[in-house]
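Visitor: Handing you a structure now.
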Amino acid sequence: FSAIIFYGLAEIVIGLGAFAVPNLFTIGGTLLLPLGEINSSQYLFLSALILGLSIFPFCFAMGATYPFMMAFVQESKWEERTSFSYLYLANGIGATFGTIITAVFLVEKLGFSNTLTFGAFGNFSLALICLIKGFYDRPSPEVEQPILPSKISIMENWLLSKKSRTYLVLFITGLTSLAMEVTWIRGFTPVVKTTIYAFAAILAAYLFATLLGSQWYRRNLNKQKTIPTLKLVGICFLFAFFPIFVSAPDIHPTVPMLLGSILPFCIALGYLTPKLIDQVSQGNPKEAGRAYAINILGGILGPLFASYFLIPGFGVKLTLVLLAIPYGILFLYLTNSNEVSKPFKWAIGIAGTFATIVSFFFITTLFPTGMGKGSLVLRDSTATVVALGEGMRKQLFVNGIGITKLTPITKMMAHLPLSIRKKKPKSALIIALGMGTTLRSAASWGIDVKCVELVPSVVKALPYFFEDASSILSQPNVEVIIDDGRRFLNRTQNKYDVIIIDPPPPIEAASSSLLYSREFYEIIAEHLQKGGIFQQWFPYGETKIFEAVVRSLVDVFPYIRVYKSFEGWGFHFLASMEPFQTPSSKDSVSRLPVMAKDDLVEWVDGIESYNNLEREYLIEEYFNQSFEKEIPVGLLLNQNDESIFISDDQPYNEYYLLRRYRDRKSGSLELIR
């Protein structure tokens, strides 16, 4: 059988993954529910195992496509000695295009399921073409189509002596490049933000630069004059420091500057990787498969090493320095080679040493530090957490993004739904800890309070914001759980009188749709006690996203009340499966325990001098200012467009580029606050 037939079969397997993998992930997620919190080593290991097994057959087929296509080139009697780099370039073009079109167009227009179906259709169409070619259009043995260079540069002396040296370079490039990509995403977040387009832009820049390097190599190959490997290693050593220099806060980096800083390094790698595999394989599919597998092995280990060891232990800047050093060591180790001149060796050695010293001692990171005395920086595998400021100016940053500040609004997120119930509440669940303000407010009611937080370091930062944090967390009725809020609800049968959520900003943040979707609200509804209240906060943002949130809520909860914040910005959504009324301000205040009243006004200047009547009046005004700003939910719905909603498959708030471009062009883009 022709190798193109096996290539077609591999494409069929890949296409089946579009339908199988989501279901396998769902099954795996269910199997993991009994394991408890997500930060345990047991959960991390088994979740990685399930994820790996779920995608393994389909990624295995992806890995087989290179050798199969190289074998087809070989059997077709084409000049095949550089076929890997030819296919590598073509694959890079497709990967770059696929990344851009998926993020910018497909998901926004089609949703996740239909996007996967679209991709699978491409796989199956390609498979059909390959099978027809393999069975009915076999090439004649006499046919020769020299579409590739007829010769390949000889193996360089320092690689010729030991093939293992080539494998070592390929392993190091795979490990460091993808580890750097993970680190760039973490380090660039304060500038590129947390939208899905930020991640897509970094990946697209990485792939685009790689294919530029591959094209450059192919052009040099045609001229029979390629850049020596040792020179490329030295260049990679220097280029690896560019993102560190460009991301220094003193130069006020922009998104184009940060994305541009990774291009030189990725171009060099795009040149180096296919060059090495061409040389070691000489067109042999088996040798190319082995060499590429070693490169991919490094690519698997690199992100794990960076995420779970380097970044938590050393931070973004030092991680990038540590990932650059292997290129310097490799370059120095091989300086006996005659492939490059002595002046070049000295230039790389001196420049690399200078870049290392400057990066280590004189450059700070993008994350906000040093603002105020005693700022706190914590790192874990999930995020980098920075707490800074003094007094009421304290702030919390997660991966460089301001998450919350000290404001009475976060107190009202607890007091409003707890006091609006006629029946005295006994329990509350808070999803997303933030500074812990809402947790403290709920705990002041003396009820059972559970709080679910995804980032372990956010919990550790709590004492920075509140001196009584330790005493609050030690109360027997208060529990903080490290988990994804949605996963926690899926693994518990408990029901709560009040469930409170303040999703992380911005409203368009990647994956935030999971906390605004119909499916999430259905899970919330199942975990409310009879007469229970769900509080959803919406800060500000695009009017259509606001309407999508309202529509998703209305589709699940029959009874909803909306109150504009007493500070004049943002909205409290209160939703229930049973009818409830807005009480009078006096009734609400009368339902607050003494400690809850003290909590609500603790930040009022000079509150110590207020008598009880003055305090009661002030608290009553807080509720008055909210109740007076109630907005009928019907006025917030776009009655003419029921397609505006958020679901797990249609993340309306996350994918918005085309919509906003169209609305800006027509002048219909509106913001709500």
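Visitor: Report whether or not Gly260 is open to solvent by less than 40 Å² (accessible area, probe 1.4 Å), out of contact with any Asp or Glu (no Cβ under 6 Å at 6 or more places or on another chain) and of a type outside the set (Lys, Arg).
Guide: Yes.
Visitor: Continuing with this model, one more query. Of all residues in the stretch 209-225, count the ones that are crowded, with 23+ Cβ neighbours inside 10 Å and more than 30 Å from the chain's Cα centre (by Cα).
Guide: Total satisfying the criteria: 1.
Visitor: Of the numbered conditions (1) hydrophobic (A, V, I, L, M, F, W, C); (2) surrounded by fewer than 20 Cβ atoms within 10 Å (Cβ to Cβ); (3) in a helix (DSSP H, G or I); (4) under 29 Å from the mean Cα position of the chain (by Cα), Met392 satisfies every one except a single condition; which is it?
Guide: (4)
The rows are residues; the columns are (1) of a type in the set (S, T, N, Q); (2) touching a helix residue (DSSP H, G or I) at 6+ places or on another chain (Cβ under 7 Å); (3) under 29 Å from Arg659 (Cα atoms).
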position	(1), (2), (3)
Ser85	yes, yes, no
Phe97	no, no, yes
Ile100	no, yes, yes
Val104	no, yes, yes
Asn114	yes, no, yes
Gly119	no, yes, yes
Cys130	no, yes, no
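Visitor: Give the stretch 264-288 a look and list any residue that's surrounded by fewer than 20 Cβ atoms within 10 Å (Cβ to Cβ) and either part of a helix (DSSP H, G or I) or of a type in the set (A, V, I, L, M) (or both), or say none.
Guide: Our first condition is that a residue be surrounded by fewer than 20 Cβ atoms within 10 Å (Cβ to Cβ); within the stretch 264-288, this holds for 264, 282, 284, 286-287.
Matches in the stretch 264-288: Pro264, Lys286, Glu287.
Visitor: Are there any pairs with C-beta distances below 8 angstrom linking a residue in the stretch 587-606 that is over 15 Å from Pro417 (Cα atoms) to a residue that is modelled with pLDDT of 95 or more and in a helix (DSSP H, G or I), with the two at least 6 apart or on different chains, and if so which?
Guide: Asp599/Lys411; Asp599/His415; Asp599/Arg440; Asp599/Ser441
Yes/no per residue for (1) of a type in the set (S, T, N, Q); (2) within 30 Å of Val73 (Cα to Cα); (3) in contact with a helix residue (DSSP H, G or I) (Cβ under 6 Å, 6 or more places away or on another chain):
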residue: Lys286; (1), (2), (3): no, yes, no
residue: Leu330; (1), (2), (3): no, no, yes
residue: Lys345; (1), (2), (3): no, no, no
residue: Gly352; (1), (2), (3): no, no, yes
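Visitor: State whether one or more residues within the stretch 402-421 are part of a strand (DSSP E or B), closer than 26 Å to Leu528 by Cα and either open to solvent by 40 Å² or more (accessible area, probe 1.4 Å) or touching a helix residue (DSSP H, G or I) at 6+ places or on another chain (Cβ under 6 Å) (or both).
Guide: Going residue by residue through the stretch 402-421, those that are part of a strand (DSSP E or B) are 402-405.
Imposing the further condition that a residue be closer than 26 Å to Leu528 by Cα reduces the set to none.
Scanning the stretch 402-421 turns up no residue that is part of a strand (DSSP E or B), closer than 26 Å to Leu528 by Cα and either open to solvent by 40 Å² or more (accessible area, probe 1.4 Å) or touching a helix residue (DSSP H, G or I) at 6+ places or on another chain (Cβ under 6 Å) (or both).
Visitor: Another question, then. Whether any residue in the stretch 539-552 is surrounded by fewer than 17 Cβ atoms within 10 Å (Cβ to Cβ) and farther than 27 Å from Ile401 by Cα is what I want to check.
Guide: No, the stretch 539-552 has no match at all.
Visitor: Let me ask another. Among the residues of the stretch 545-564, is there at least one that is closer than 18 Å to Glu630 by Cβ, more than 30 Å from the chain's Cα centre (by Cα) and free of Cβ contacts under 8 Å to residues at least 24 places away in the same chain?
Guide: yes
Visitor: Looking at the stretch 289-303, which of its residues are open to solvent by 20 Å² or more (accessible area, probe 1.4 Å) and either among the aliphatic types (A, V, I, L, M) or more than 17 Å from Ala179 (Cα to Cα) (or both)?
Guide: The answer is Gly289, Arg290, Tyr292, Ala293, Ile294, Ile296, Leu297, Ile300, Leu301.
Visitor: Please go through (1) open to solvent by 40 Å² or more (accessible area, probe 1.4 Å); (2) out of contact with any Leu (no Cβ under 9 Å at 6 or more places or on another chain); (3) modelled with pLDDT of 95 or more for Lys193 and return the number of the only condition it doesn't satisfy.
Guide: Going through (1) open to solvent by 40 Å² or more (accessible area, probe 1.4 Å); (2) out of contact with any Leu (no Cβ under 9 Å at 6 or more places or on another chain); (3) modelled with pLDDT of 95 or more one by one, Lys193 breaks only (3).
Visitor: Let me ask you something else. Kindly state which helices (runs of 4 or more DSSP H) lie completely within the stretch 563-673 and contain at least 2 residues that are of a type in the set (Asp, Glu) and open to solvent by 40 Å² or more (accessible area, probe 1.4 Å).
Guide: 612-627
Visitor: A follow-up question, please. May I ask you to list the residues in the stretch 170-190 that are in contact with a helix residue (DSSP H, G or I) (Cβ under 6 Å, 6 or more places away or on another chain), open to solvent by less than 40 Å² (accessible area, probe 1.4 Å) and either more than 15 Å from Leu258 (Cβ to Cβ) or among the β-branched types (Val, Ile, Thr) (or both)?
Guide: Correct list: Leu170, Ile172, Thr173, Gly174, Leu175, Thr176, Ser177, Ala179, Thr183.
Visitor: Is there any pair with a first residue in the stretch 513-539 that is under 20 Å from Pro425 (Cβ atoms) and touching a residue at least 60 places away in the same chain (Cβ under 8 Å) and a second that is surrounded by fewer than 24 Cβ atoms within 10 Å (Cβ to Cβ) and of a type outside the set (D, E, K, R) whose Cβ atoms are under 6 Å apart and which are 6 or more apart or on different chains, and what are they?
Guide: Short answer, once both residue conditions are applied: His527/Leu489; Ile533/Leu574; Ile533/Ser576; Gln535/Leu574.
Visitor: Checking Thr26 against (1) without any contact (Cβ under 8 Å) to a residue 24 or more places away in the chain; (2) over 30 Å from Thr382 (Cβ atoms); (3) of a type in the set (Val, Ile, Thr), which single condition isn't satisfied?
Guide: That leaves (2) as the condition not met.
Visitor: Oh, and also: Give all pairs with beta carbons closer than 6 Å in which a residue from the stretch 377-403 that is closer than 15 Å to Val459 by Cβ meets a residue that is in a strand (DSSP E or B) and among the charged types (D, E, K, R); count only pairs at least 6 apart in sequence or on separate chains.
Guide: Final answer for the pair search is none.
Visitor: Go through the stretch 373-389 and give me each residue that's hydrophobic (A, V, I, L, M, F, W, C), out of contact with any Pro (no Cβ under 7 Å at 6 or more places or on another chain) and open to solvent by less than 40 Å² (accessible area, probe 1.4 Å).
Guide: Within the stretch 373-389, Leu378, Ala383, Val385, Ala387 meet the criteria.
The values are calculated or read from the model by the stated rules, or taken from the named source; none is laboratory data. This one's a predicted model, so the numbers in the text were calculated from it and none came from an experiment. A quick note on method: Cβ atoms are made from the backbone with ideal geometry, for glycine too, and the neighbour counts reach across all protein chains shown. These area figures cover heavy atoms from the full protein model, side chains too; ligands, DNA and RNA do not enter into them. Shrake-Rupley method; radii C 1.70, N 1.55, O 1.52, S 1.80 Å.
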